[in-house]
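J.: Sharing a structure below in structure tokens format, with a few things to ask.
The values are calculated or read from the model by the stated rules, or taken from the named source; none is laboratory data. Computed from a predicted structure; not experimentally measured. Positions of Cβ are backbone-derived with ideal geometry, glycine not excepted, and every protein chain shown enters the neighbour counts. What goes into the accessible areas is simple: the full protein's heavy atoms, side chains included, and nothing from ligands, DNA or RNA. Shrake-Rupley method; radii C 1.70, N 1.55, O 1.52, S 1.80 Å.
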Amino acid sequence: MADLKMNISCFFFIQVLLLLLLSSFPPTNAQGLKVGFYDKTCPKAEAIVKKSVSDAMKNDPTIGAPLLRMFFHDCFVRGCDGSVLLELKNKKDEKNAPPNLSLRGFEVIDNVKAAVEKECPGVVSCSDVLALVARDAVVELDGLSWGVETGRNDGRVTNINEARSNLPSPLDNITSLITQFSSKGLDKKDLAVLSGGHTVGQGHCPLILNRLYNFTGKGDSDPDLDTEYAATLRKKCKPTDTTTALEMDPGSFKTFDESYFKLVSQRRGFFQSDAALLNNQDTKSYVLKQMNSQRSTFSKDFGVSMVKMGRIGVLTGKAGEVRKKCRMVN
């Protein structure tokens with residue numbers, strides 16, 4: 001009996017000791033990411049990334065939105081592992097998938113990575129560079145900052161077919177969008193919030209031609225698109241146009257703000273996927289709540305959803321590697 005009491009006492013002592021030990025470590029999420037992961041191993045990393053992004057956007061003010069988009073396109077395929085940056089000799093990589101052909105800014109990522117490598121060789125992953133660059137691009141576009149969780153490793157695989165099948169399309173309806181986001185652990189609010197990224201940047205005519213000229217195969221336009229806005233778009237996008245780029249948030253496409261939601265509420269969302277937000281009660285409710293700039297929570301919500309998206313399928317610990325150059329495995 002005495003031995004049993006002794007064993008029970010020892011058990012509880014060990015439990016308390018473990019709790020005390022765990023509480024002495026900084027908080028991390030279940031996947032091993034944390035804000036300030038490089039504070040000791042490369043303390044200047046985030047400052048270097050921030051300056052590099054600032055310099056790049058001074059040189060090309062339009063590059064901010066593509067840099068933000070790149071992180072989204074990386075995370076939705078194989079998780080946030082930098083696979084969108086890899087290049088294969090046979091061109092069967094994610095970069096060459098149709099949804100990624102309009103991505104740009106890869107040279108900016110190369111420059112950021114080179115600057116970080118010069119300071120701390122082999123420490124900061126390309127996938128973390130993407131996450132930090134996305135945040136700093138938003139800040140340069142007058143958006144709010146957020147604490148970026150870091151600690152990801154880079155993947156060694158890139159596959160063109162996975163990009164084709166995993167990336168949401170601008171042509172998707174609300175059911176498809178909700179399903180795809182849910183498969184990545186993101187909810188309806190995340191869908192509405194991250195769609196708000198379309199407040200900056202440009203979209204291309206080929207992705208909206210069906211909305212303008214042949215929506216149901218009868219030479220008609222999308223009934224969910226405001227008629228005046230449709231007429232304006234038709235003047236700029238002719239039926240055979242394959243190259244023209246237009247502002248997705250006219251008049252405010254260089255500023256990260258809530259004006260996107262006002263446009264969507266007016267049936268002036270650029271893509272079908274933008275208009276689709278009005279076809280679900282939860283996403284529609286979010287859109288309508290953001291229309292008043294004094295009460296909008298969008299800028300704050302965006303950081304929260306970006307952190308959540310940044311946890312998709314990450315490689316940590318001994319999984320993956322820290323690439324020396326982002327376009328190739330070590």
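J.: Starting from the Cα-Cα distance between Asp220 and Thr175, subtract it from 0.36 nm times their residue separation and give me the gain in nm to one decimal.
T.: Values: separation 45, 0.36 × 45 = 16.20 nm, distance 2.30 nm.
Answer, rounded to one decimal: 13.9 nm.
J.: Work through the residues other than Ser259 whose Cβ is under 13 Å from its Cβ and net out their charges, Lys, Arg +1 and Asp, Glu -1. Present the calculation step by step, with values, prior to reporting the outcome.
T.: Working: positive: Lys254, Lys262, Arg268; negative: Asp142, Glu247, Asp249, Asp257, Glu258, Asp274.
Net of charged neighbours comes to -3.
J.: A further question follows. Which of Val157, Val133, Val193 ends up with the largest GNM mean-square fluctuation for the chain, with Cα atoms connected below 10 Å?
T.: Val157
J.: Between region 53-117 and region 212-281, how far is it from one alpha carbon centroid to the other, in angstrom?
T.: Taking the Cα centre of each part, region 53-117 and region 212-281 sit 26 Å apart.
J.: Among Lys289, Lys318, Lys51, which one moves the most in a GNM of the chain with springs linking Cα atoms closer than 10 Å?
T.: Evaluated over the chain, the most mobile residue of the options is Lys318.
J.: Please work out which option in (1) 1.08; (2) 1.01; (3) 1.05 gives Rg/Rh (Cα atoms, Kirkwood Rh) calculated from these coordinates, and answer with its label.
T.: From the options (1) 1.08; (2) 1.01; (3) 1.05, the structure gives (3).
J.: Charges only on Cβ, +1 for Lys and Arg, -1 for Asp and Glu: so what's the dipole of the chain about the Cα centre, in debye to the nearest 20?
T.: Values: 44 positive and 38 negative charges, 71 e Å.
Here the chain has a charge dipole of around 340 debye.
J.: To continue, here is another question. Tell me the mean residue ellipticity at 222 nm calculated for the chain from its helices only (DSSP H runs of n ≥ 4, each -39500 (n - 2.57), averaged over every residue, nearest 500).
T.: On the way: 14 runs with 150 residues, N = 330.
When only DSSP H runs of four or more count, the value is -13500 deg cm²/dmol.
J.: Continuing with the same structure: Label points 7 Å out from Cα along the Cβ direction at Asp142 and Lys51: separation in nm?
T.: 2.7 nm
J.: Over region 172-305, give the accessible area per residue in Å² for a 1.4 Å probe, as an integer. Numbers along the way, then the final one.
T.: On the way: 6490 Å² over 134 residues.
Solvent-accessible surface per residue comes out at 48 Å².
J.: I'd like the carbon and sulfur percentage of the solvent accessible area for the chain, probe radius 1.4 Å, heavy atoms only, ligands and nucleic acids excluded.
T.: Result for the chain: 56 percent of the exposed heavy-atom area is carbon or sulfur.
J.: Going from the alpha-carbon gyration tensor of region 42-164, what semi-axes, largest first and in whole Å, does one get by taking the root of 5 times each eigenvalue? Please list the in-between numbers first.
T.: On the way: eigenvalues 101, 55, 33 Å².
Ellipsoid half-lengths, sorted descending, are 23, 17, 13 Å.
J.: Let me ask another. Longer than 23 Å from Cα to Cα, which of Lys184/Lys325; Lys189/Lys235; Lys92/Lys325; Lys34/Lys89; Lys50/Lys188; Lys113/Lys184 are they? Say none if no pair is. List each step's numbers first, then the result.
T.: Numbers: Lys184/Lys325 27 Å; Lys189/Lys235 34 Å; Lys92/Lys325 19 Å; Lys34/Lys89 35 Å; Lys50/Lys188 31 Å; Lys113/Lys184 27 Å.
Exceeds cut-off: Lys184/Lys325; Lys189/Lys235; Lys34/Lys89; Lys50/Lys188; Lys113/Lys184.
J.: When the Cα atoms of region 148-271 are enclosed in a convex hull and the volume is divided per residue, what value in Å³ results? Working shown, then result.
T.: On the way: hull volume 19.2 nm³, N = 124.
Residue-normalised Cα hull volume stands at 155 Å³.
J.: Moving to a separate point now. Multiply the residue separation of Lys289 and Val157 by 0.36 nm, subtract the distance between their alpha-carbon atoms, and state the gained length in nm to one decimal. Before the final figure, lay out the partial values.
T.: Working: separation 132, 0.36 × 132 = 47.52 nm, distance 4.08 nm.
Between Lys289 and Val157, full extension yields an extra 43.4 nm.
J.: Straight-line reach from Lys95: which aspartates and glutamates have Cα under 18 Å away, leaving out those fewer than 8 places along the same chain?
T.: Straight-line reach from Lys95, under 18 Å: Asp74, Asp81, Glu87, Glu107, Asp110, Asp154, Glu162.
J.: Moving to a separate point now. Given springs between every Cα pair under 10 Å in a Gaussian network model of the chain, which of Ala131, Ala192, Ala230 has the largest fluctuation?
T.: Ala230
J.: Once the cut-off is 26 Å, how many percent of the Cα-Cα pairs in region 200-330 end up in the long-distance tail?
T.: Working: 3362 of 8515 pairs.
Every Cα pair in region 200-330 considered, those over 26 Å come to 39 percent.
J.: Shifting gears a bit: For the pair Asn96/Asn210, report the inter-label distance in nm, with labels modelled 7 Å from Cα in the Cβ direction.
T.: 2.5 nm
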